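Written below as structure tokens is the structure these notes are about.
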Amino acid sequence: MLKKKSNERGFTLLEIMVVVVILSILALYVGPKIIGRPQEARINAARMQIQSLSTALKLYKLDNGAYPSTEQGLDALVQPPDVGQLAKTWRKGGYLEKTKVPKDPWGYDYIYLCPGVNNQDEFDLMSYGPDGQPGGEEENADINNWEME
């Protein structure tokens with residue numbers, strides 16, 4: 001009852017092999033460029049987290065009239081502060097998607113100062129980078145909110 005059309009056909013073994021060879025060549029060229037840069041990926045992840053935390057801090061200020069103090073720290077983004085100037089209208093559920101402040105990609109806490117030393121009217125937010133120590137050059141350089149565009 002069911003008739004097959006004579007013009008239907010699948011891929012030939014040769015066509016499949018050509019595609020596999022092309023994908024292999026691409027993997028050999030692109031793979032090392034992507035895999036060889038894990039440190040650069042972590043640095044970019046830290047920059048994105050700092051920008052995200054900065055946005056959350058600005059929302060906190062809009063709701064409460066001021067940024068959390070250094071003493072209150074970034075924890076004020078996930079739970080109402082119980083020291084210093086208390087939050088007037090702290091947002092139920094907090095200002096971050098998760099219920100805890102993320103660590104930087106190397107497992108260290110972000111450094112938060114308010115008022116900031118470099119951003120005196122606002123706050124300083126930084127990661128000390130892979131070495132976990134202030135300062136450093138190139139891959140060990142600090143990642144700071146005041147140096148971002």
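The values are calculated or read from the model by the stated rules, or taken from the named source; none is laboratory data. Fair warning: this is a prediction, and the values are worked out from it, not measured in the lab. Backbone-built Cβ (ideal geometry, glycine too); neighbour counts: all protein chains shown.
Any residue in the range 94-102 that is in contact with a strand residue (DSSP E or B) (Cβ under 7 Å, 6 or more places away or on another chain), within 24 Å of ALA41 (Cα to Cα) and either of a type in the set (Lys, Arg) or assigned to a loop (DSSP other than H, G, I, E, B) (or both)?
Just the residues of the range 94-102 that are in contact with a strand residue (DSSP E or B) (Cβ under 7 Å, 6 or more places away or on another chain), to begin with: none.
No - not one qualifying residue is present in the range 94-102.
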**Study point:** Residues of the range 53-66 classified as touching a residue at least 12 places away in the same chain (Cβ under 8 Å) and within 21 Å of the chain's Cα centre (by Cα), total
**Key:** 6
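Just to verify a result, which residue in the range 66-93, among those that are of a type in the set (Asp, Glu) and either modelled with pLDDT of 90 or more or in a helix (DSSP H, G or I) (or both), is farthest from GLY116 (Cα to Cα)? Break it down stepwise before answering.
Initially, the range 66-93 is screened for residues of a type in the set (Asp, Glu), giving 71, 75, 82.
Still in the running and either modelled with pLDDT of 90 or more or in a helix (DSSP H, G or I) (or both): 71, 75.
Details: GLU71: 13, ASP75: 17 Å.
Checked the range 66-93; the qualifying residue farthest from GLY116 (Cα to Cα) is ASP75.
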Exercise for review: Determine, yes or no, whether GLY136 is in contact with an Asp or Glu (Cβ under 8 Å, 6 or more places away or on another chain), part of a loop (DSSP other than H, G, I, E, B) and more than 24 Å from GLN39 (Cβ to Cβ).
Suggested key: no
Check your understanding: Does the range 50-65 hold any residues that are surrounded by fewer than 16 Cβ atoms within 10 Å (Cβ to Cβ), in a helix (DSSP H, G or I) and touching a Lys or Arg at 6+ places or on another chain (Cβ under 8 Å), and which are they?
Key -> LEU59, ASP63
Check your understanding: Across the range 102-149, what is the total count of residues that are among the polar types (S, T, N, Q), over 26 Å from LEU59 (Cα atoms) and surrounded by 13 or more Cβ atoms within 10 Å (Cβ to Cβ)?
Key -> 1
Study note, to complete from the structure: Subset of the range 109-127, residues modelled with pLDDT of 90 or more and either touching a strand residue (DSSP E or B) at 6+ places or on another chain (Cβ under 7 Å) or in a strand (DSSP E or B) (or both), comes to TYR110, ILE111, TYR112, LEU113, PHE123, ASP124, LEU125, MET126, SER127
Exercise for review: Kindly list, by first and then second residue, each pair from a residue in the range 121-149 that is free of Cβ contacts under 8 Å to residues at least 40 places away in the same chain and farther than 17 Å from LEU74 by Cα to a residue that is part of a loop (DSSP other than H, G, I, E, B) and of a type in the set (Gly, Ala, Ser), limited to pairs with Cβ atoms under 6 Å and residues at least 6 apart or on different chains.
Suggested key: GLY136/GLY129; ASN140/GLY129; ALA141/GLY129; ASP142/GLY129
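Restricting attention to the range 11-65, report how many residues are of a type in the set (Asp, Glu) and modelled with pLDDT of 85 or more.
Summing the residues that are of a type in the set (Asp, Glu) and modelled with pLDDT of 85 or more in the range 11-65 gives 1.
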